[in-house]
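Worksheet for the structure shown next.
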Amino acid sequence: MVDNNTKVIDLRLVLKRIMANKKLFVILIPIVFICSCLYIVSVPRYYATETKLAPEIENAMSSSTLGSIASSFGFDMSQMNSNDAITPLLYPELLKDNSFVFKFLPISVTTQDGKIKTNYYEYLTKYNKVSPISKLFSFTQKQEEPPTKHTNPYDLTVEQDKVFTAIRDDIKFAVDSKTGVITISVKSQDPLVCKILADSVRGILQQYITSYRTNKARADVEYYKSLVTKAKANYEKARQLYGSFSDSNADVILESVRSKQNDLENDMQLKFNTYSQLNQQLQAAIAKLQEKTPAFTTLKGASVPIKPAGPKRMIFVLSMVFVAFVVGTLWTLRKDIPKLFV
């Protein structure tokens, strides 16, 4: 059954108005086309690459019934049931932390032509190209000293904050919720810099994950090392005292001397037992540290991109021309809107 209340646009009226105002479109479209071309040509091109990393997951409920049911529907519950407070699903959030982004600044980069060899911070502040049109709407800041290892990442200057924002725009993390695979995407104005950054960021992320996963285990190892060092020193001291007393009283048969010698021997044995037990605990802590250290598999290495990833100049120009045509059409129809629907 046809709905008689349905309204359609009168295309004949639209076409009529366009033809009546074709002079407007003849002027508007070329101007928009030329301006769009001039703008997009001045925008520096950038390259993009990515690398994929699969970290070992510490799973607390990998064999649970819930995990089996979820896996049948295509979801990996190990990502959510891990003993870690920071699961792989939260790794993209690390880029919001200035302290983590700060680790990228000293990365050494080299351009493909070999003319520029510097760190990532200097590359962004001194060698990154900016379109002339963008410069017209920006003001020059005074030259600042680059950040050092003593710089507080949570107390940045305006220019430093701009650099951190640019880094977050150029580097992205994505995690597949089903497989746990981490994709690191990087873009830069130079193809070789792009590849170097991807490899370096992958290494920094691996170090962060390893440091986080082994934090408690490393603390336990250091703790038992200090206890073993003290226990060994106490044992050595007791052994020397016992040996010195025994040598000094080798020919003495007094009961008091023998009693003192037995006391020193017992004390030495107790300290040796303590030292031996702590040493065993130290070895167990070292083994635990090795167990906690995650293994990583690089599923896809970063390659030097051959073609620029953007900007898409033709798409941009055509989009602007289309928008200009739509705006021009609406302008010509501004007085006929009530008549459009029949």
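The values are calculated or read from the model by the stated rules, or taken from the named source; none is laboratory data. All values reported here derive from a predicted model rather than from experimental measurement. No Cβ is skipped: glycine too gets one built from the backbone with ideal geometry, and neighbour counts run over all protein chains shown.
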Odd one out for Lys271 among (1) modelled with pLDDT of 90 or more; (2) charged (D, E, K, R); (3) surrounded by fewer than 17 Cβ atoms within 10 Å (Cβ to Cβ): (3)
Test: residue in segment 193-206 that is free of Cβ contacts under 8 Å to residues at least 60 places away in the same chain and assigned by TED's automatic domain parsing to the domain that holds Tyr121: yes
Output for segment 277-309, where each listed residue is in contact with a helix residue (DSSP H, G or I) (Cβ under 7 Å, 6 or more places away or on another chain) and part of a loop (DSSP other than H, G, I, E, B): Thr293, Pro294, Ala302, Ser303, Val304, Pro305
Asn234, sole failed condition from (1) under 17 Å from Phe100 (Cα atoms); (2) polar (S, T, N, Q); (3) surrounded by 13 or more Cβ atoms within 10 Å (Cβ to Cβ): (1)
Residue in segment 4-18 that is under 19 Å from Pro294 (Cα atoms) and at pLDDT below 65 present: no
Single residue of Thr179, Thr151, Thr125, Thr118 found to be part of a strand (DSSP E or B) and either surrounded by 13 or more Cβ atoms within 10 Å (Cβ to Cβ) or modelled with pLDDT of 95 or more (or both): Thr118
Candidate set from segment 19-59 (those that are surrounded by fewer than 17 Cβ atoms within 10 Å (Cβ to Cβ) and among the β-branched types (Val, Ile, Thr)); member that is nearest to Thr214 (Cα to Cα): Val41
